[in-house]
Structures are given as C-alpha cells and as structure tokens.
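> Got a structure for you, questions after.
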Amino acid sequence: MVMPVRMTPLPLILFLMIHVFSDGDDNDDWGVSYSPSHICALKDSTVIMRCSYKYPTEYKIMNVFWTNTLVKDNVEPPDLSEDPEYSQRLKYLGDKQKSSTVRLSHVTLKDSHKYYFRFITNKKDKGKYIGKSGVTLTVTDLQVESPERVTEGDSVRLTCKSSCTLTDRATFIWSRNSQPLTERRDGNNELLLQSVRREDAGRYSCAVHGHTHTSPGVYLNVMYPPRSVSVSISPSGVIVEGDSVTLSCSSDSNPPALNFSWFKGGTIVGSGRIYSISNISSDDSGEYKCKSINEHGQKDSDPVTLNVMYPPRSVSVLMSGSGVIVEGDSVTLSCSSDSNPPALNFSWFKENETSAVGSGQSFRALQSGRFYCQAHNQHGSQRSDAVTVTGKLI
C-alpha cells in the first residue's frame, strides 16, 4: 500500500527563503527604519544618523555597520568605519541589538550621499539584511545673496542661502568686515537694512549660531552723491603777484565724482578737478568754490579766498591847498598807494637829494622844491612822481 506524501510545508519553506534572500525587502520579521530619513547639514558640522531594526528572534546578530553602497552582485558593501575618508570621523553609538546610531563629524560637500544600515546574523547564507530606503544626507555651505549696488536711503535685504533647509533649527548671525553686526540673532535667514547709509557698505558674511562654518563675504556697495566737498590751495602760504597757483577740489562720493565746475563769486571760471592760475595778478583775488557732480547728485564746496599780495603801485602825492608856501605857513603833502598789504612805511625825498627829508604818510614841506614819496611793504616799494612846492623860505 502506497502512503500519501504530505506536500504542505514546502511552499511555506520556499516563501520564507524568498523573503530572507530578498535582501532589504521589509516584512513582518525583517526591517530597518530610519529617523530622520533626510538630513540637511551645514558644512563642517556633526551629523547623527539613527535607525531601528528587527529580525527573527531565532537569529543572532553577528555584525552591524553603516555603508553608502547597496549590495550588488552579491558583493558585500564596504563598512564606512574602514574607509580612510570616514574612519577618523565616524563613530558608532547606541544599542547594537535593536538600534544603531552613528555620528559623522566635520562633514564636507563630498559627504552628500545616501547611507544604509547593514546587519549580518549567524545564518551566513540567509541572515543578511540592508535597509534600502536609507538616510539621504545633503551637506550645504552658506552663501550671502545681496544686490551688487544700492543707493543711500534704499531698504536692502540680504539673504543667507543654503542648498537645502537645515534639519536643525538654525539661528543666523551676521558680520560686516568680520565684525559682528549686533547682538541680535535672527531666527530667519534674512538681514534687513532700513534706509541704508554709506557706513553700511562692506563685506557681509553669515553663519549659524553654534557652528564654525562661515559663508564667503559679499561686498555691499552703497552709492551716494558728493559730500564733504573742499578746496585746497597750493602753495598754501602767502601768494604773491606773479606766482602760479593751483586749486584742487576733493569730495567723498560713490562712484567718485568725475565732473567739477569752478566759480569765482557767481561766475563759472573753469572745469576739472584742478584749476590752475599762472602768473597770478591782484585781479584774481576773490572767493572761489567748486561744484562736485556724480550720477546721484551734486554739492558745492565752502568758498575759499585767494588773497594776492603785491608791492606798492600807483604811488602819488596829494598837496593841501595850492602848493604855495605863504609866509609863516607850510604845505602838507600826503602819500597814497595801492598795495597788498597796505603800505605802512613811507619815505619823503627832495629831488636830487639822496637822503630822506621825512617819513610817514604825511609830510610838511617848509620850503620850496620838488618832492616825492616812496611807499614800502614787505613785497617791495615804489616812488611817486615829484610835485612842486613854491614859495620863499620861512
């Protein structure tokens, strides 16, 4: 008598073997769960990757590790802790029986990758598993987004950009020219400058509080019209008739002023940053100012005075009365001149005599003859024409 063969267990055994060998497919007995499954981390920061896993109770864990490569053609993926690029930065933490936590420090942009947890049990042929869903790590640096040029008075918004949204709540801090802007720390990634001033120009960078990475600096260029317009005179000392004089106009503006106009009083006399006068004369004395102009506006300098010195000229003698000496009287002679500074020294001479007969601006002639005066200042002297005094000796 032939006994019947019981075939029921075979499909069940095949079913289990299919799932065990389908490396990474979750079922009720096998699985890896990652939390979180996506991480956005700042360059040079430290990242924690976690997972929990399960396996049949009759199996025993022999080895666990993290890798960035899936199983392919039955080739075992590499353990990151044995990879020279990771070994010094990777540390395993946590309970190796039901969960695994790994810490990766000083992450770089090259570390942006998908990472998987792999565990191996005591059943060499059918007791290996890898969590195919993995943890996606994106490493980002920071970049400041700013307008290239702004005009004084504008409102300016600077943004600290990253390639992904940071997983950890970030507090952004800002610096200008490597100096912290304020003690304020913004929860968002924007810096608003209300009514920007020229003092706000500089190189801006951003960082995240608690992290060492800082963005490259971006220069904010603030444009403004001319201000602090001034005129300098060369030579700076006393200017004497016949000298050459240069007036220079300077101003603070952005962009630098390229157009300048020169005025004497209310009359335009020249253009350009430099205004030169060669062989200067007393007619050139007066108040001068320059106007500085750029695309954002214009401004006048305060006036400066050119005071041209010159020796006496147009020296003449005035006589009181008719110039005739009456018995018991005299004739008063007065000397006048045009000079800068005014002449203060006067000498009186009788024609054909070498010695002075008097001094001072006025002279009393007590005898007849032809008299002239000589006016002096520190720049020179000049004599007048002679005048005739008539009469008889007293």
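The values are calculated or read from the model by the stated rules, or taken from the named source; none is laboratory data. Not measured: the values here are computed from a predicted model. With ideal geometry, Cβ positions are generated from the backbone for all residues, glycine too; neighbour counts draw on all protein chains shown. When the accessible area is computed, the model is the full protein with side chains, heavy atoms only, and any ligands, DNA or RNA have been set aside. Shrake-Rupley method; radii C 1.70, N 1.55, O 1.52, S 1.80 Å.
> Restricting attention to region 286-321, and to residues there that are on the phi < 0 side of the Ramachandran plot and part of a loop (DSSP other than H, G, I, E, B), which single residue is surrounded by the most Cβ atoms within 10 Å (Cβ to Cβ)?
Ser301
> Also, quick follow-up: Of the residues Ala375, Ala343, which is open to solvent by less than 50 Å² (accessible area, probe 1.4 Å), part of a strand (DSSP E or B) and touching a residue at least 24 places away in the same chain (Cβ under 8 Å)?
Sole residue among the options that is open to solvent by less than 50 Å² (accessible area, probe 1.4 Å), part of a strand (DSSP E or B) and touching a residue at least 24 places away in the same chain (Cβ under 8 Å): Ala375.
> Please enumerate the residues belonging to region 53-81 that are surrounded by fewer than 16 Cβ atoms within 10 Å (Cβ to Cβ), in contact with a Ser or Thr (Cβ under 7 Å, 6 or more places away or on another chain) and touching a residue at least 40 places away in the same chain (Cβ under 8 Å).
Selection gives Lys60, Ile61, Met62.
> Could you list all residues from region 346-372 that are outside any strand (DSSP E or B) and either of a type in the set (Gly, Ala, Ser) or under 12 Å from Pro311 (Cα atoms) (or both)? Steps first, please.
Of all residues in region 346-372, those outside any strand (DSSP E or B) come to 351-355, 360-361, 366-368.
The answer is Ser355, Gly360, Ser368.
> Testing Tyr116 on (1) open to solvent by less than 30 Å² (accessible area, probe 1.4 Å); (2) part of a loop (DSSP other than H, G, I, E, B), one condition comes back false. Which one is that?
(2)
> Is there a residue in region 127-143 that is of a type outside the set (A, V, I, L, M) and touching a Gly at 6+ places or on another chain (Cβ under 6 Å)?
Checked region 127-143: at least one residue is of a type outside the set (A, V, I, L, M) and touching a Gly at 6+ places or on another chain (Cβ under 6 Å).
> Just to check your reading of the model, which residue among Ser337, Ser368, Ser316 is in contact with a Cys (Cβ under 9 Å, 6 or more places away or on another chain), in contact (Cβ under 8 Å) with a residue 40 or more places away in the chain, farther than 30 Å from Pro235 by Cα and of a type in the set (Ser, Thr, Tyr)?
Ser316
> Regarding region 186-198, can at least one residue be identified that is loosely packed, with under 13 Cβ neighbours inside 10 Å, under 25 Å from the mean Cα position of the chain (by Cα), of a type in the set (Lys, Arg) and modelled with pLDDT under 90? Can you show your working first?
The first filter runs over region 186-198 and keeps only residues loosely packed, with under 13 Cβ neighbours inside 10 Å, leaving 187-188, 192, 194-195, 197.
Within this subset, residues satisfying the condition of being under 25 Å from the mean Cα position of the chain (by Cα) are 188, 192, 194-195, 197.
Pick out the ones that are also of a type in the set (Lys, Arg) and you get 197.
Going one step further and asking which of them are modelled with pLDDT under 90, we end up with none.
No: zero hits.
> How do the strands (runs of 3 or more DSSP E) wholly within region 227-277 filter down when requiring 2 or more residues that are without any contact (Cβ under 8 Å) to a residue 60 or more places away in the chain, among the hydroxyl-bearing types (Ser, Thr, Tyr) and open to solvent by 60 Å² or more (accessible area, probe 1.4 Å): which remain?
Those strands (runs of 3 or more DSSP E) span 267-271.
> Farther than 20 Å from Tyr55 by Cα and either open to solvent by less than 70 Å² (accessible area, probe 1.4 Å) or of a type outside the set (Ser, Thr, Tyr) (or both): does that describe Pro84? Outline the logic, then answer.
Details: farther than 20 Å from Tyr55 by Cα: yes; either open to solvent by less than 70 Å² (accessible area, probe 1.4 Å) or of a type outside the set (Ser, Thr, Tyr) (or both): yes.
The answer is yes for Pro84.
> Do you know which of the residues in region 326-335 that are modelled with pLDDT under 95 and surrounded by fewer than 20 Cβ atoms within 10 Å (Cβ to Cβ) is nearest to Arg313 (Cα to Cα)? Don't jump to the end; show me each part of the working.
Going through region 326-335, the residues modelled with pLDDT under 95 turn out to be 326-333.
Imposing the further condition that a residue be surrounded by fewer than 20 Cβ atoms within 10 Å (Cβ to Cβ) reduces the set to 326-330, 332.
Values: Val326: 32, Glu327: 35, Gly328: 35, Asp329: 31, Ser330: 28, Thr332: 22 Å.
The qualifying residue nearest to Arg313 (Cα to Cα) is Thr332.
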